[in-house]
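One structure below.
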Amino acid sequence: MMGKVYIQAAEQISIQTPLSEEWMHQPIEYHEPFVKAVNPAFRDYIAPNEVRRMGNIMKRALVTSLKVLKDTGIAHPDAIITGTSIGSLDYTEKFLDALTENGEESLSPTYFMQTTHNTVSSTISIFTGTHSYNTTYSHGGISFDLALKDAWMQLHLGMISNALVGGYDEMVESYFRLLQKIGYVGVEGMVPCGECSMSMMLNKKESPDNLCELSGLSVFRMKSYQNVRKHLESLVEKAELQMRDIQIVMTGLNGNPQNDQLYQPLLNDLFPQTKIMKYKHLFGENYTASALGLYASAHLMKKQDISVMLVVNCTLNGDCSLVLLKAI
């Protein structure tokens, strides 16, 4: 492997105060099963005539990305890589409703143009005038993790020097009800179903202003507990660490028994004395919630006395990701 990879900056729009780390000290608490994201004043970042043509997921993704680009001073990243499971769900629903109601006549092209998943990455590219590598991953609850893996591999291969990586998903009431019926969200005792827009800059350039070092990453199928343990031990070894060096394990525990049982064997066996943290009680559950887990972990690494942290994401589909972070 060539050199180190750092998380230079990260911003979020979620059910917490947007573009802020107030969740650390003054988190907003919710008791509803479904909560929409708290939007910032979009017109502070995007011209009004452009804002009105964009759906929420597009506006949120663009604003978090523009904030990260401003924070890092990088106008044109070497890569824009996006993870989104359900894309522009709101505009897709509106387009299909109009198709049904109007019998395929007098349809507005605006909704149709923004229904494809890769519209998010494309919008960021067009708006910033960036003509570099641009791709989208849409693989359920592992979408963001695969986008991160892509950037990680290219950075280590020396193909790029930096990458704007993001996780973006929105939710509508009708789809929430469907997910509730299958027990994915809305289960008694579970965190709210939320929305996510998180953008971060990965960079090979060492700087004291970086949030932390991204020292290891593994994405794989969770065939068994032994399989997870094997990947973790390999990850720790490659980072020249030992299991006891991990001070905190950040998990996707969300109060849903189906979800939480995926984490218990690993936590009980390998980390019985390690501090276990969770983030979904703050940011809610959604398909790209793992992006907010990494965002929260990176900022905690910067502001707290934490040397090594492990971020774990397990999905009901049997996918798993392990991200190892080191303090700079």
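The values are calculated or read from the model by the stated rules, or taken from the named source; none is laboratory data. Worth saying up front: this structure is predicted, and the values here are computed from it rather than measured. For neighbour counting, all protein chains shown are included, and Cβ atoms are generated from backbone atoms with ideal geometry for every residue, glycine included.
Give the residue, chosen from LEU266, LEU262, that is in contact with a helix residue (DSSP H, G or I) (Cβ under 8 Å, 6 or more places away or on another chain) and either surrounded by 14 or more Cβ atoms within 10 Å (Cβ to Cβ) or within 25 Å of TYR168 (Cβ to Cβ) (or both). Explain how you work it out, then say what you get.
Values: LEU262 fails: in contact with a helix residue (DSSP H, G or I) (Cβ under 8 Å, 6 or more places away or on another chain).
The unique qualifying residue is LEU266.
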Can you name the number of the only condition in (1) aliphatic (A, V, I, L, M); (2) touching a Leu at 6+ places or on another chain (Cβ under 6 Å); (3) closer than 30 Å to THR123 by Cβ; (4) surrounded by fewer than 20 Cβ atoms within 10 Å (Cβ to Cβ) that ALA239 fails?
(3)
Looking at the structure I just gave you, is VAL191 in the same structural domain as PHE34 (by TED's automatic domain parsing), touching a residue at least 12 places away in the same chain (Cβ under 8 Å), closer than 28 Å to THR17 by Cα and buried (at least 23 other Cβ atoms within 10 Å of the Cβ)?
yes
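If you check THR92 against the conditions, is it within 19 Å of SER121 (Cβ to Cβ) and within 20 Å of the chain's Cα centre (by Cα)?
Answer is no for this residue.
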Segment 276-291: number of residues that are among the β-branched types (Val, Ile, Thr) and either on the phi > 0 side of the Ramachandran plot or not in a loop (DSSP other than H, G, I, E, B) (or both)
1
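If we keep just the residues of segment 70-89 that are small (Gly, Ala, Ser) and assigned to a loop (DSSP other than H, G, I, E, B), which is surrounded by the most Cβ atoms within 10 Å (Cβ to Cβ)? Please lay out each step first, then the result.
We begin by selecting, within segment 70-89, every residue small (Gly, Ala, Ser); these are 73, 75, 79, 83, 85, 87-88.
Right, trim to assigned to a loop (DSSP other than H, G, I, E, B) and you get 73, 75, 85, 87-88.
Working: GLY73: 9, ALA75: 10, SER85: 21, GLY87: 24, SER88: 28.
Among those that are small (Gly, Ala, Ser) and assigned to a loop (DSSP other than H, G, I, E, B), it is SER88.
Restricting to segment 250-276, and then to whatever is more than 24 Å from the chain's Cα centre (by Cα) and of a type in the set (A, V, I, L, M, F, W, C), can you tell me which residue is nearest to PRO33 (Cα to Cα)?
First, the residues of segment 250-276 that are more than 24 Å from the chain's Cα centre (by Cα): 265, 268-274.
From what's left, of a type in the set (A, V, I, L, M, F, W, C): 270-271.
Details: LEU270: 32, PHE271: 31 Å.
Ranking the candidates gives PHE271 first.
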